[in-house]
Amino acid sequence: MKNILIVIDMQKDFIDGSLGTKEAQKIVECVLDKIGQYPKENIIATRDTHEENYLETQEGKKLPVLHCIRGTEGWELDKRIAQALESVRIIDKPTFGSVELVELLFQESKNEELEVELVGLCTDICVVSNAILLKARMPEMKISVDSSCCAGVTPETHKAALTTLAMCQITVK
């Protein structure tokens, strides 16, 4: 059994940038501790990645706040998180869930049994999207989300996402 940690979108814009929240700021230390519990080769990180035309996209029209524009400071991982994730594979994803991440883990699961834990931002958008994509592709894989290492857009939507995850048979710690 190989235990994999997925660190979702721990980027400046979601922590203390254009979409930052105090709840996101509070989980940074917890996420750093969690990263320290896994060998680097068992960690994958994602980055929400938008282009300059973000406001013209469907997402940009529904959330007209520039964030995570490739190459900007807000797109970068939080400095402490980036240091902890040095030499870890990072997947740039143009949308909430990453098909690339799911397929990477699906291929790896053919060689050995995997157990996956997700942490990061935002619980109610990208964490839940990736967890459910993983569950849809690999329904027998053990998937968990550490709620203390996640934050939602609001505390209420964080709790709602945790309920959704549990209802989809994803373990909420």
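Please treat every number below as a calculation from the coordinates, not as lab data. Since we're looking at a predicted model, the values are computed, not measured. No Cβ is skipped: glycine too gets one built from the backbone with ideal geometry, and neighbour counts run over all protein chains shown.
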(message) Cross-link candidates for residue 2: which aspartates and glutamates have Cα within less than 15 Å, leaving aside residues fewer than 8 places away along the same chain?
(response) 41, 108, 112, 113, 115, 117, 140
(message) Kirkwood Rh over alpha-carbon pairs of region 94-173, then Stokes-Einstein at 20 °C and 1.002 mPa s: what D in µm² s⁻¹, rounded to an integer?
(response) 171 µm²/s
(message) For a quick check: with amide H placed at 1.01 Å from N, whose amide H comes under 5 Å from residue 2's, ignoring anything fewer than 5 positions away on the same chain?
(response) 113, 114, 115
(message) Please compute the contact order of region 2-172 in relative form: average sequence separation of alpha-carbon pairs under 8 Å and at least six residues apart, divided by the residue count, as a percent.
(response) 28 percent
(request) Please report, largest first and rounded to whole Å, the three semi-axes of the ellipsoid equivalent to region 1-67, where each semi-axis is the square root of five times an eigenvalue of the C-alpha gyration tensor. (result) 28, 16, 8
(request) Please state, as a whole number in µm²/s, the translational diffusion coefficient that the Stokes-Einstein equation yields for region 77-120 at 37 °C and 0.692 mPa s, with Rh defined as the Kirkwood radius across alpha carbon pairs. (result) 266 µm²/s
(message) Let me see the P(r) profile for region 40-173: every Cα-Cα distance counted, bins of 5 Å, each bin given as a percent of all pairs.
(response) 2, 10, 18, 22, 21, 16, 9, 2, 0
(request) Would you grab the residues whose amide H sits under 5 Å from the one on residue 78? Only those 5+ places off in sequence or on another chain, please, with H modelled 1.01 Å from N. (result) 11, 12
(request) Arrange 32, 162 by Cβ neighbour counts within 10 Å, fewest through most, would you? (result) 32, 162
(request) Determine, for 80, 47, the number of other Cβ atoms within 10 Å of each Cβ, and report the residues in order from fewest to most. (result) 80, 47
(message) To make sure I understand, if each residue's beta carbon is the centre and we count other beta carbons within 10 Å, what order do 141, 1, 10 fall in, fewest to most?
(response) 1, 141, 10
(request) Kindly flag which residue pairs out of 34/142; 40/159; 26/93 have an alpha-carbon separation exceeding 21 Å in this structure. (result) 40/159; 26/93
